[in-house]
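Asker: After the structure tokens below, expect a handful of questions from me.
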């Protein structure tokens, strides 16, 4: 069974601890993780760092991860930072 997590509104340093805890719990379930990103209106470096952490942890644990429908806020911020690993993951999400 897949674990679907929808991120909404702001994903900034204020939400980062709760987001990381939620994603860590999802990793423990050892199911595919689907992260729905279409509702994110603001994102900062703290949240992007958590997304990169999630990508790496899911790869280490050989768990499928889908980053679905990244919002313009996410795409713009990641592009501005030039984060290739995350850009590739979001590019795959944009195609699905």
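Asker: Only one of these is at pLDDT below 95 and at positive phi: 82, 91. Name it. Don't jump to the end; show me each part of the working.
Answerer: On the way: 91 fails: at positive phi.
Residue meeting the stated conditions: 82.
Asker: In the range 1-25, which residues are more than 12 Å from residue 66 (Cβ to Cβ), touching a residue at least 12 places away in the same chain (Cβ under 8 Å) and assigned to a loop (DSSP other than H, G, I, E, B)?
Answerer: 1, 12, 13, 15
Asker: I need every pair where a residue in the range 56-80 that is free of Cβ contacts under 8 Å to residues at least 12 places away in the same chain has its Cβ under 7 Å from the Cβ of a residue that is in a helix (DSSP H, G or I) and surrounded by fewer than 17 Cβ atoms within 10 Å (Cβ to Cβ), sequence separation at least 6 or different chains.
Answerer: As it stands, the answer is 79/87, since those pairs meet every condition given.
The values are calculated or read from the model by the stated rules, or taken from the named source; none is laboratory data. Keep in mind it's a predicted model, so treat the numbers as computed, not measured. Backbone-built Cβ (ideal geometry, glycine too); neighbour counts: all protein chains shown.
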